[in-house]
Amino acid sequence: MLPPPKAHGLLDGKVTLVTAAAGAGIGYATARRCAEEGATIVLSDRHERRLAAAADSLTELTGVRPLAVPCDVTSEPQVLALFDAVAEAHGRLDVVVNNAGLGGTAELAGMTDEQWHAVLDVTLNGTMRCTRAALRQMYGQGSGVIVNNASVVGWRAQRGQAHYAAAKAGVMALTRCVALEAAEHGVRVNAVAPSLAVHPFLAKVTGEELLTELAAREAFGRSAEPWEVANVIVFLASDYSSYMTGEVVSVSSQHP
């Protein structure tokens, strides 16, 4: 497998907020890749201990401690406090990566309202809340980029994933609609749709048989590394994608 690519300064000086950035998944990988590309990073996550550990890791990498703000994206007051903290610390906000999401497996006939609402509130409503807060700041600047984390499950069917698939399909639709509204303000909004990006936490909560089955569907016969998804997010956040908006980019071979 190829190592992560060398940095090219694609995000030099850009204040970049990544939600759900603690842990070992796509969020932290994205924060790290953005930092390697020169971004000024702001980390957010609802797990304060893991958030502090992620900030420590980025400090070791860059020599600069990132702003780290605990935030539960299901809480509008916490979302507003997060964006206020970024404005106070940095005076601007160039990139937002909406990575927060919640999964789970339950077939609809046995699913409770609580299970449905929990997934939708983090994955779709949380993305909406953070996008809305970002737009209000970016419109005043006349610039900015938002990258949402969707999923190929928003396109294809998978048993036990009705709530998650509905949420991710909603993220895709949200992305396309908001992109049209934001264009006149100089703000771009795109999304990535990863398939399978395995990290230690996912491996812990997902059966090996299912992971093997999902990996077999991939063109390369393996899952993606989190940094491989992060690379596409970096591209969408950078000026190299300056004419792209309202797009959902599949990071796999599974676009329908």
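Points worth noting:
- Protection proxy ranking, peptides 10-20, 71-81, average beta carbon neighbours within 10 Å, highest first: 10-20, 71-81
- Note on ALA87 and SER143: the extension gain reaches 18.7 nm, defined as 0.36 nm multiplied by sequence separation minus the Cα-Cα distance.
- Share of pairwise Cα separations in the stretch 5-108, more than 15 Å, in percent: 60 percent
- Highest average packing first - 51-63, 33-45, Cβ atoms within 10 Å: 33-45, 51-63
- Bins of 5 Å, starting at 0 and running to the largest distance - Cα pair percent for the chain: 1, 6, 14, 19, 21, 18, 12, 6, 2, 0, 0
- Considering only GLY110, ALA85, LEU135, the residue lying farthest towards the positive end of the dipole of the chain is LEU135, judged by Cα position with unit charges set on Cβ.
- Spacing of the two label points (7 Å from each Cα toward its C-beta) at GLU209 and ALA173, in nm: 3.5 nm
- Cα-centred dipole magnitude for the stretch 15-251, charges only on beta-carbon of K, R (+1) and D, E (-1), debye, nearest 20: 160 debye
- Site pair THR105 and ALA216 shows an inter-label distance of 1.5 nm when each label is modelled 7 Å from Cα along Cα→Cβ.
- Amide N proximity, the stretch 167-193 versus GLU247 label position 7 Å along Cα-to-Cβ, cut-off under 15 Å: 176, 179-180, 188-193
- Helix 26-36 axis, angle to the chain major axis (alpha carbon atoms, nearest 10°): 30 degrees
- The chain, relative contact order in percent, only Cα pairs under 8 angstrom and at least six apart counted: 20 percent
- With the alpha-carbon atoms of the stretch 91-189 aligned to their principal axes, the span from lowest to highest coordinate is 47, 23, 16 Å, starting with the largest.
- Heavy-atom accessible surface of the stretch 41-171: percent carbon and sulfur, 1.4 Å: 52 percent
- Helix 48-62 and the longest principal axis of the C-alpha atoms of the chain enclose an angle of approximately 60°.
- Residue-normalised accessible area of the stretch 15-251, expressed per residue, 1.4 Å probe, Å²: 44 Å²
The values are calculated or read from the model by the stated rules, or taken from the named source; none is laboratory data. Since the model is a prediction, treat every value here as computed from it, not as a measurement. Quick reminder, even Gly has a Cβ in these numbers, built from the backbone with ideal geometry, and neighbours come from all protein chains shown. Heavy atoms of the whole protein, side chains included, go into the accessibility calculation; ligands, DNA and RNA do not. Shrake-Rupley method; radii C 1.70, N 1.55, O 1.52, S 1.80 Å.
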